[in-house]
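First comes the structure, then the notes that go with it.
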Amino acid sequence: MGCINGRANNVEEYWNTINQSNKLFSTFPEGRWNEDVNKIFSDAFNEKEVLGSFIENFEFPWMKFRIPPNVLGQIDNGQLMAADEAIDDYGKDKLVPARTAVYVGGMQGMESSILANLRIRQEEYVQILKNMPEFKNLDSKTQESIISDLQSQIRQYIPKIEEDTLPGFMDNIVAGRIANYFNVHGVNMFIDSSL
């Protein structure tokens, strides 16, 4: 087994905290989420604060996994770490590549996937905006200004969508990347608990 989440950086820490009553969810750490977006979600769900589960002070050993540091912000580092721990726990010498499968558990909504989704779907959001009666009532110059400002803010805040964005956006790629890294050839899949 391997585990990394908002409570623990490894399985031992996870088992030590699983029965404690400490809350898994907290407010968004400063610098981890756009404050304006946070307000939108708060208003949409009638919440005073938007809560999430965050892994803090996490240092990813990018050299070990041979992942360039400039793409680290666009992938889910925690899943590679949990897989590494699970394989160490089992014993790398016991791996039979043809019969070793990779199953990754998680839930949709990781920072990298949320941000990528916002950037990828920005044109859809513009179309929704254009169809709103209140927006249609504005003069064309104001409409253009609002759309331009919206797109500019999205592009400024969210990194450009590139090849390495996909592992954070499409969770099934993570399982394939883990299988490739450890050179195992059995089934690999991502099981999403949020569906």
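The values are calculated or read from the model by the stated rules, or taken from the named source; none is laboratory data. In this text the structure is predicted, and so the values were computed from the model without any measurement. Quick note on the areas: whole protein, heavy atoms, side chains included, nothing else; ligands and nucleic acids left out. Shrake-Rupley method; radii C 1.70, N 1.55, O 1.52, S 1.80 Å.
Tabulated data for the structure shown
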quantity: Scan of region 136-165 for residues that are of a type in the set (A, V, I, L, M, F, W, C) and within 32 Å of the chain's Cα centre (by Cα), ordered by number; calculated: 146, 147, 150, 154, 158, 161
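Condition check ((1) of a type outside the set (D, E, K, R); (2) farther than 22 Å from residue 118 by Cα; (3) modelled with pLDDT under 70; (4) open to solvent by 70 Å² or more (accessible area, probe 1.4 Å)) across all residues:
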{"position": "3", "(1), (2), (3), (4)": "yes, yes, no, no"}
{"position": "6", "(1), (2), (3), (4)": "yes, yes, no, no"}
{"position": "13", "(1), (2), (3), (4)": "no, yes, no, yes"}
{"position": "24", "(1), (2), (3), (4)": "yes, yes, yes, no"}
{"position": "28", "(1), (2), (3), (4)": "yes, no, no, no"}
{"position": "37", "(1), (2), (3), (4)": "yes, no, yes, no"}
{"position": "55", "(1), (2), (3), (4)": "yes, no, no, no"}
{"position": "62", "(1), (2), (3), (4)": "yes, yes, no, yes"}
